[in-house]
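Engineer: Have a look at this one.
The values are calculated or read from the model by the stated rules, or taken from the named source; none is laboratory data. Since we're looking at a predicted model, the values are computed, not measured. A quick note on method: Cβ atoms are made from the backbone with ideal geometry, for glycine too, and the neighbour counts reach across all protein chains shown.
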4 protein chains.
Amino acid sequence: MKKQRIGMIGYKFMGKAHSNAYRSLPMFFPKAPKLDMAVICGRNEEAVGQAAEQLGWAESMTDWRELLAREDIDVIDINAPSDAHKEITLAAVKAGKHIFCEKPLALTLADSREMLQAAEEAGIAHMVGFNYRFSPAVRLAKKLVESGRLGKIYHFRACFLQDWIIDPDFPLVWRLQKEIAGSGSHGDLGAHLIDLAHFLVGDVKEVIGMSETFIKERPIAAEMTGLSAKGSKDGPRGEVTVDDATLFLARFDNGAMGNFEATRFAAGHRSTNAFEINGSLGSVKFDFERMNELEVYFTSDEEDVQGFRRVLVTDPAHAYAEAWWPPGHTIGFEHTFIHEMLEFSTAIEEGRLPEPNFRDGVKCQAVLEAVERSIDERRWVQLSEM
Amino acid sequence: MKKQRIGMIGYKFMGKAHSNAYRSLPMFFPKAPKLDMAVICGRNEEAVGQAAEQLGWAESMTDWRELLAREDIDVIDINAPSDAHKEITLAAVKAGKHIFCEKPLALTLADSREMLQAAEEAGIAHMVGFNYRFSPAVRLAKKLVESGRLGKIYHFRACFLQDWIIDPDFPLVWRLQKEIAGSGSHGDLGAHLIDLAHFLVGDVKEVIGMSETFIKERPIAAEMTGLSAKGSKDGPRGEVTVDDATLFLARFDNGAMGNFEATRFAAGHRSTNAFEINGSLGSVKFDFERMNELEVYFTSDEEDVQGFRRVLVTDPAHAYAEAWWPPGHTIGFEHTFIHEMLEFSTAIEEGRLPEPNFRDGVKCQAVLEAVERSIDERRWVQLSEM
Amino acid sequence: MKKQRIGMIGYKFMGKAHSNAYRSLPMFFPKAPKLDMAVICGRNEEAVGQAAEQLGWAESMTDWRELLAREDIDVIDINAPSDAHKEITLAAVKAGKHIFCEKPLALTLADSREMLQAAEEAGIAHMVGFNYRFSPAVRLAKKLVESGRLGKIYHFRACFLQDWIIDPDFPLVWRLQKEIAGSGSHGDLGAHLIDLAHFLVGDVKEVIGMSETFIKERPIAAEMTGLSAKGSKDGPRGEVTVDDATLFLARFDNGAMGNFEATRFAAGHRSTNAFEINGSLGSVKFDFERMNELEVYFTSDEEDVQGFRRVLVTDPAHAYAEAWWPPGHTIGFEHTFIHEMLEFSTAIEEGRLPEPNFRDGVKCQAVLEAVERSIDERRWVQLSEM
Amino acid sequence: MKKQRIGMIGYKFMGKAHSNAYRSLPMFFPKAPKLDMAVICGRNEEAVGQAAEQLGWAESMTDWRELLAREDIDVIDINAPSDAHKEITLAAVKAGKHIFCEKPLALTLADSREMLQAAEEAGIAHMVGFNYRFSPAVRLAKKLVESGRLGKIYHFRACFLQDWIIDPDFPLVWRLQKEIAGSGSHGDLGAHLIDLAHFLVGDVKEVIGMSETFIKERPIAAEMTGLSAKGSKDGPRGEVTVDDATLFLARFDNGAMGNFEATRFAAGHRSTNAFEINGSLGSVKFDFERMNELEVYFTSDEEDVQGFRRVLVTDPAHAYAEAWWPPGHTIGFEHTFIHEMLEFSTAIEEGRLPEPNFRDGVKCQAVLEAVERSIDERRWVQLSEM
């Protein structure tokens, strides 16, 4: 097969994670399609040049339109700030590229639908960056649900807890500004929970939420990159225009009840991305801080030895495990991206749609917006309204 | 001081727990008021007679009105089924007795208010059975919140998960019948969470909930006692008239966000009564299945050693610990009742109101009903409406 | 059946635990033999009088010989300091009483053998206080081993970690004096591990150990009671004559390997009494700080869901659970004594030998002394030598 | 600086881990010395050719002597089977190469000393592959010990538990043959614990051990690679000539007590590499299966909130963390090798000795052999004897 030549737009947190993924595929998944880390693109010429060298890209550019115009590029990986996703995606679709777009797909549901429609009409491969699906433990949860080993699902209970902005003097980074980020904890963290719910339980029927911005003004950031920034606590302050925390209740089409909580104000939780599923035949529990483990319970276990099993998902029976290390030897956060890019490149090679794709991005966006509407209008919102 | 002479109505699960508490006070809290386990009262003469012998009561009776009429009884302990609480309480108030009433105080908010008003007018001591407040770990959480060591509270997140009726053939016990139990998981389990929220965080401003009865018909129980019963899975079925699970979101008066979930359909959870509080300076986590532990986090810990501490609350610095065993030697579920009765009897002796009392019972009932109304009317309900 | 009339010698830590056990049997195990808490005996007249009242004994005495002379006493419970066990036991045997003796049975193996021989010749019921056997989780471990569900046993790995004397100024209490206590962590903590090993794995063939007294001198205690005492850090110091920590390796008769560690210098461990057993078909793990749990692993579990199960031993399928509370409602340290006294009184009534009895006390003492000899002589010691 | 040109001998489990490390340095540690993955060497021409391609090496060879003869190679990385370490190392020293040698350094103490002497005389940089030192959590433990925050060390308690050969029909792979592997669990797993003890606590004074081979004969393996192999359970069997499990007690020069256990027969433990250190001011606990966490306890914590803290070592305050992902985003097993190679290449560039080096390899080997001698001669062995 011909090598897939990739052009990547963005080079910060996600850019590094994706680069590492592309770079790691041949070593750990030797049967994966061959990739060419061709061009990395960013606005700051010096910075993107350094990134190219550090992250292993052959070339760097500053104009993404120029990148899209190149005939020798097959695939576009978009991990620029969220407010740029739509424009770049539509242009890339037009240029006939396959597209990987980081989540959130867009800032609005309407935009994301426009992107999906364009991509579907163009017949390209499209994928959206819900990387947590690619945790081996999440795959095991999926397998247990799909095979019926958990029975009928009654409950999905999930929270994504962080604490990186708990200091009131933490500066006003782009992730705290609605016009760039779209939303705060809701779109950043909650979106992952929603996608996991879609993946593991099914479609959502209705939602009602609540939201809070605990710290309403913060020091304006002098400079900002991804999660970190420098600001002076004595300098001018600006308004925080996104939510610090958003919670919502949901009812799934299949009757299950959903409980979702995303916050950046949970002291002591650096990044607790956790869920539990309760079914009629069993339960599973997951916490990404212990991503190599899935807790599993079966009602059919013998009466005297029923209990949640701590399953270390590093055995040959577990997804992706054989590519890595012997049982008991763990992997980390970055590996989810390697598995993600395995799916993306394999799907392109096989001429099929990767999963999760823009449809999943749209579905997630629909729930995000339904929750926002439910907050604004203080009422239950049906997904069918969206 | 004169002995407090107790008459107890009810002799099943709670009756046993209370009896053990009264009986244990002099051994472990020798300075506690002296109590006399005078009369136990129940409808079935033979059963209550056996209970008297087993549980250590001097006499048994079958007519609670007769009990209330006795001059030599100072205190009435009501742990009869929930639908009897109001009538007995009002009569006991009239008879001038001090009253301990198991939760829920009544089946409706209106009833519970009537009970409170009567009790306040009579000037008796009144207490309601929210026993989890009396866990040493909960006391530590309270101390950390009250002293400001957790800072401003942002989040309260709680769930009470059980699985004892997950089998669709489990019979239709009284706890599944609205006219006796008032509600299902909501009033049984959720009520405890609400009281803990009141105790630890403060008053609730508004709520919105959702509710589900997953198994709508069950075998009619031939005989039923507390949590267990015998029914034939092939016999006639009756309607389950209470909720199997109820979730709700809440906003507290102080701005904190609340997340509450109560269910009897969480496979693998025999009785997970867990909460977490996140404040600006720290967090605490509790799970009653590990009731001797509180997890505590402080943002002020040195940067390289920040993390949740597993505090075993059996040290002299912890509530009630010195009455029990050396550090590291744990206590169990029943001990919460011993601490509860210590408060009850001490308050009576000191002529003050015990905590929690009927006011707390009313406040809890108000939230329970506000949630129910929010479910019926599919809207946010203000506590001020109730 | 006639009531068993008990005379108890000693009234501190263990005296309280035993009293609570006797007192609790009729409420929770109504079919247990009827007991009469007749006489409590101690050297200090005022203190023992107060203890009688607090702990629920009908009478108090100061002369144990007088107690033994009473015809109306059937059973003697010895929880006086360890150096008094032998003399009292031999006298009680002579008086034809059934005997419960706290561990350690005696200060030396020779003494304990003399006690066993006397007891066996007299045909009395005799029991020794290895209370941890009576944890429901330990019973489950025993059941799994005995039924073969763990297969052939390869490893027993146990530690009993405390930290109550880690402060060098903690005073020289009786437990730190060889002439009273016999030994330090070894006889106090290690003895429990050895008994659990005997109970769960079998007899020990050979041992080799090491021992250390980290703090060699401590303030002389002005007054001392059980674990606590008051001493002045600036006052005179005396020599610590027992071990602060003792470790040993063992080979069992059945080929299993044993690893034992007892210490009072493990900062952060109030009372971690933990063991793990690895067999050819599975493993179990236990930690008394979480005594309501047993972790259980089976090699026969399906490949993708193998893992240690956290079994909460509060289900009807677990030992003693039905006497207590519904599933998920835990018990504590003191309950082990209630179960212990259930065995003791039931065995007396049934005319059989209780378990564990003096034979187990002797066996434990043999291992304790074999370890001490191995330390003194710096060589492996066979149990057959002892 | 000039690039370091590497020749690597061996290409299985460790070869893959090392290759990934070399390859990852420039992306995550851009200031690390520049490396050239020049030549990979192995006996099987086809296999090593494939490995070169998969693992990212420019060339492959089959004759390591030829490799050593190449002037353009600066560094030799030896991860061939253990029995080849000595010969290759001595030749590489002679050729003036810097050397990274996987553990165990050699099959005997004498051999390892010969290697160290040669390396020291030649003045080359030498390193030995104790990768667990490079876990961020282990670095934190080291920092806490070295800075005195744990006080005087009393206990080191470590176990390395695996279960990959628990099936009696698992074939006779090279790791079960003394002439190739040197020893079994002792040299493979115990060696890591010994190195951690040296790193964290200090030198060992004396040891006594015990050892067992539970399954004495196994199917001869048709083909074997690293940990896995294919054998017929009905075919011929050969003798297992290494230990399945080895335990030993140790006394450190500084008075601390050591407890070491290594086994491949701990059902349910895929690779539990765990230790605990207890000092006069605090304790730490580590388990490699949760390598992103260190549990930390301080005696100086306030009385009511003392407890082991679960520290997630992904904060900027933790070793290596800033090279990776935001706080709360974990790393895995392979990252220890990346950090290891950072130390190796940096030390070469700086002209200093890397840590751990052959001296540490020799020290580890001395303890390993002292333990073996203690087992053979059934007595305590002083390290000064070795």
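Engineer: Failed condition for B:Ser24, given (1) over 19 Å from the mean Cα position of the chain (by Cα); (2) over 22 Å from C:Tyr22 (Cα atoms); (3) buried (at least 21 other Cβ atoms within 10 Å of the Cβ), with all others met?
Structural biologist: The number of the failed condition is (2).
Engineer: With respect to the numbered conditions (1) surrounded by fewer than 22 Cβ atoms within 10 Å (Cβ to Cβ); (2) over 30 Å from A:Tyr297 (Cβ atoms); (3) touching a residue at least 24 places away in the same chain (Cβ under 8 Å); (4) more than 10 Å from chain C (Cβ to nearest Cβ), which one is the sole condition not fulfilled by B:Arg378?
Structural biologist: Failing condition for B:Arg378: (3).
Engineer: Which one is surrounded by the most Cβ atoms within 10 Å (Cβ to Cβ) among residues in region A:330-360 that are part of a loop (DSSP other than H, G, I, E, B) and touching a Ser or Thr at 6+ places or on another chain (Cβ under 6 Å)?
Structural biologist: A:Phe333
Engineer: Next question. State all residues of region D:38-84 that are closer than 18 Å to A:Met27 by Cα and among the small types (Gly, Ala, Ser); if no residue qualifies, say none.
Structural biologist: Across region D:38-84, the qualifying residues are D:Ala38, D:Gly42, D:Ala47, D:Gly49, D:Ala51, D:Ala52, D:Gly56, D:Ala58, D:Ser60.
Engineer: Turning to a different aspect of this structure: All but one of (1) touching a Ser or Thr at 6+ places or on another chain (Cβ under 8 Å); (2) more than 18 Å from D:Met341 (Cβ to Cβ) hold for D:Gly56; state the number of the condition that does not hold.
Structural biologist: (2)
Engineer: When you check A:Asp36 against the structure, is it touching a strand residue (DSSP E or B) at 6+ places or on another chain (Cβ under 7 Å) and assigned to a strand (DSSP E or B), yes or no?
Structural biologist: yes
For (1) surrounded by fewer than 22 Cβ atoms within 10 Å (Cβ to Cβ); (2) of a type outside the set (D, E, K, R); (3) farther than 27 Å from A:Glu377 by Cβ, each residue gets a yes or a no:
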position: A:Asp244; (1), (2), (3): no, no, no
position: A:Leu247; (1), (2), (3): no, yes, no
position: A:Asn259; (1), (2), (3): no, yes, no
position: A:His269; (1), (2), (3): no, yes, yes
position: A:Asn273; (1), (2), (3): no, yes, yes
position: A:Gly279; (1), (2), (3): no, yes, yes
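Engineer: Residues of region B:159-188 being surrounded by 23 or more Cβ atoms within 10 Å (Cβ to Cβ), under 23 Å from B:Arg359 (Cα atoms) and in contact with a Phe, Trp or Tyr (Cβ under 8 Å, 6 or more places away or on another chain), which ones?
Structural biologist: Within region B:159-188, B:Ser185 is the sole residue that qualifies.
Engineer: Sort through A:Val367, A:Val371 and tell me the only one that's in contact with a Gly (Cβ under 7 Å, 6 or more places away or on another chain), assigned to a helix (DSSP H, G or I) and buried (at least 24 other Cβ atoms within 10 Å of the Cβ). Let's see the steps before the verdict.
Structural biologist: On the way: A:Val367 fails: in contact with a Gly (Cβ under 7 Å, 6 or more places away or on another chain).
Only one candidate qualifies: A:Val371.
Engineer: How many residues are aliphatic (A, V, I, L, M) and within 11 Å of chain A (Cβ to nearest Cβ) when one looks only at region D:280-310?
Structural biologist: Number satisfying all stated conditions: 1.
Engineer: Regarding A:Asn259, is this residue touching a His at 6+ places or on another chain (Cβ under 8 Å), polar (S, T, N, Q) and more than 13 Å from chain D (Cβ to nearest Cβ)?
Structural biologist: Criteria met by A:Asn259.
Engineer: Something else about it: Scan region D:124-152 for residues that are within 11 Å of chain C (Cβ to nearest Cβ) and buried (at least 21 other Cβ atoms within 10 Å of the Cβ) and jot them down. Outline the logic, then answer.
Structural biologist: First, the residues of region D:124-152 that are within 11 Å of chain C (Cβ to nearest Cβ): D:150-152.
Listed by number, the list holds a single entry, D:Leu150.
Engineer: From the list C:Ala250, C:Ala319, pick out the single residue that is in contact with a Pro (Cβ under 8 Å, 6 or more places away or on another chain) and away from chain B (no Cβ under 14 Å). Spell out the reasoning first.
Structural biologist: Details: C:Ala250 fails: in contact with a Pro (Cβ under 8 Å, 6 or more places away or on another chain).
Answer to the selection: C:Ala319.
Engineer: Cβ contacts < 7 Å: first residue among the hydroxyl-bearing types (Ser, Thr, Tyr), restricted to region A:239-258; second residue modelled with pLDDT of 95 or more, any location; separation 6+ or different chain. Result?
Structural biologist: As it stands, the answer is A:Thr246/A:Ser185; A:Thr246/A:His186; A:Thr246/A:Gly190; A:Thr246/A:Gly209; A:Thr246/A:Ser211; A:Thr246/A:Ala262; A:Thr246/A:Val371, since those pairs meet every condition given.
Engineer: Test each condition in (1) part of a loop (DSSP other than H, G, I, E, B); (2) in contact with a strand residue (DSSP E or B) (Cβ under 8 Å, 6 or more places away or on another chain); (3) surrounded by fewer than 20 Cβ atoms within 10 Å (Cβ to Cβ) for B:Pro327 and report the one that comes out false.
Structural biologist: (3)
Engineer: Spot the failing condition for A:Gln50; the list is (1) surrounded by fewer than 24 Cβ atoms within 10 Å (Cβ to Cβ); (2) away from chain D (no Cβ under 14 Å); (3) not basic (Lys, Arg), and only one is missed.
Structural biologist: Here A:Gln50 meets the rest and fails (2).
Engineer: Which of (1) touching a Leu at 6+ places or on another chain (Cβ under 8 Å); (2) farther than 17 Å from A:Ser374 by Cβ; (3) at pLDDT below 95 is the odd one out, the single condition A:Ser183 does not satisfy?
Structural biologist: Condition not satisfied by A:Ser183: (2).
Engineer: Of (1) acidic (Asp, Glu); (2) under 19 Å from C:Gln177 (Cβ atoms); (3) buried (at least 21 other Cβ atoms within 10 Å of the Cβ), C:Asp77 satisfies all except one. Which?
Structural biologist: (2)
Engineer: Follow-up question, since we're still on this one. From B:Phe337, B:Phe308, B:Phe265, which residue is modelled with pLDDT of 95 or more and under 30 Å from B:Thr213 (Cα atoms)?
Structural biologist: So the residue among B:Phe337, B:Phe308, B:Phe265 that is modelled with pLDDT of 95 or more and under 30 Å from B:Thr213 (Cα atoms) is B:Phe265.
Engineer: Find the strands (runs of 3 or more DSSP E) located wholly in region D:195-303 whose residues include 1 or more that are of a type in the set (S, T, N, Q) and in the same structural domain as D:Gly151 (by TED's automatic domain parsing), and list them.
Structural biologist: Ranges flagged: D:204-212, D:221-225, D:228-231, D:245-252, D:257-263, D:272-279, D:282-287.
Engineer: Restricting attention to region B:263-279, which residues are away from chain C (no Cβ under 14 Å) and either free of Cβ contacts under 8 Å to residues at least 12 places away in the same chain or touching a helix residue (DSSP H, G or I) at 6+ places or on another chain (Cβ under 8 Å) (or both)?
Structural biologist: Within region B:263-279, B:Phe275, B:Ile277, B:Gly279 qualify.
Engineer: Can you tell me which residue in region B:189-223 is surrounded by the most Cβ atoms within 10 Å (Cβ to Cβ), limited to those that are closer than 18 Å to B:Leu109 by Cβ and of a type in the set (D, E, K, R)? Don't jump to the end; show me each part of the working.
Structural biologist: Our first condition is that a residue be closer than 18 Å to B:Leu109 by Cβ; within region B:189-223, this holds for B:190-195, B:197-198, B:203-209, B:211.
Pick out the ones that are also of a type in the set (D, E, K, R) and you get B:195, B:203, B:205-206.
Values: B:Asp195: 23, B:Asp203: 13, B:Lys205: 17, B:Glu206: 21.
The residue in question is B:Asp195.
Engineer: Is one or more of the residues making up region B:326-338 in contact with a Lys or Arg (Cβ under 9 Å, 6 or more places away or on another chain), without any contact (Cβ under 8 Å) to a residue 12 or more places away in the chain, closer than 21 Å to B:Lys285 by Cα and not aromatic (Phe, Trp, Tyr)?
Structural biologist: The answer is no; no qualifying residue exists.
Engineer: Going by the structure shown, is A:Phe337 facing chain D (nearest Cβ under 10 Å), within 30 Å of A:Asp74 (Cβ to Cβ) and out of contact with any Gly (no Cβ under 6 Å at 6 or more places or on another chain)?
Structural biologist: So A:Phe337 fails the test.
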